[in-house]
Each structure stands twice: as structure tokens, then as C-alpha cells.
Amino acid sequence: MFIVHVFVHVARDQVEAFRAATLENARNSIKEPGIARFDVIQQQDDPTRFVLVEVYRTADDPAKHKETTHYQKWRDTVADMMAEPRTSVKYTNVFPDEQGWD
């Protein structure tokens, strides 16, 4: 598995719009064969901060995800909602291994 955590800081007046656009993207993303999991989490003590936890089956799948219409729509829709540029950290799972995901 290939895991990406995307850290997003949204402008305070854009939280609900960002959340709606991101949930639409997530609902479509989990339908992709290369995505094992796609979580959208919001920080409890600062609702302007989100983390997208994207779990891909292979290291090639993030690029395929970025080619989808729903991702491109999300990217363009939320671009001006950010309080600062989003960042990401990439991980490889240690446990459970692939057998534990299926």
C-alpha cells in the first residue's frame, strides 16, 4: 500500500464549501479501483484544518487518481479556499500488510 496524508488549512469563511467539495471528491474517489481507502478528517480544536488520508493499492495509483474528472474538479474548486498551500507526506504501510487489507 501507498499512503498519502494531505494537510489542508482552509480559510475560516470557506470551511463548509471546502468540506462539501471534498466529500464529493471522496465519495467518487473510493470508487476508483486503485484506492483502498479515502478518509477526510477535520481537526476538533481547529475546524479550518483537515487531513485527507488516501490509501492507494500501488505507488502508481495516485497519478491515476489525479487524472480523474472528480479530482480535477475538486482541485480547481478548492484552490482559492486555502489559507495556505496544502502539503502532503507519503508513507508505506508496515502493518497490516497487503493480506490484512483484503
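Just so you know, all these numbers are worked out from the coordinates, no wet-lab data involved. If you're wondering where the values come from, they're calculated on a predicted model, not measured in any experiment. All Cβ positions, glycine included, derive from the backbone under ideal geometry; neighbour counts span all protein chains shown.
Among the residues of region 79-86, are any surrounded by fewer than 16 Cβ atoms within 10 Å (Cβ to Cβ) and more than 15 Å from Phe7 (Cα to Cα)?
yes
Just to be sure before I move on: is Phe18 more than 26 Å from Met1 (Cα to Cα), surrounded by 15 or more Cβ atoms within 10 Å (Cβ to Cβ) and not polar (S, T, N, Q) in the structure I sent?
The answer is yes for Phe18.
Could you check region 1-29 and list, in sequence order, the residues that are polar (S, T, N, Q) and under 10 Å from the mean Cα position of the chain (by Cα)?
Residues satisfying the conditions are Thr22, Asn25, Ser29.
When the residues of region 29-59 are filtered to those that are out of contact with any strand residue (DSSP E or B) (no Cβ under 9 Å at 6 or more places or on another chain) and under 22 Å from Thr69 (Cβ atoms), which remaining residue is surrounded by the fewest Cβ atoms within 10 Å (Cβ to Cβ)?
The residue in question is Pro33.
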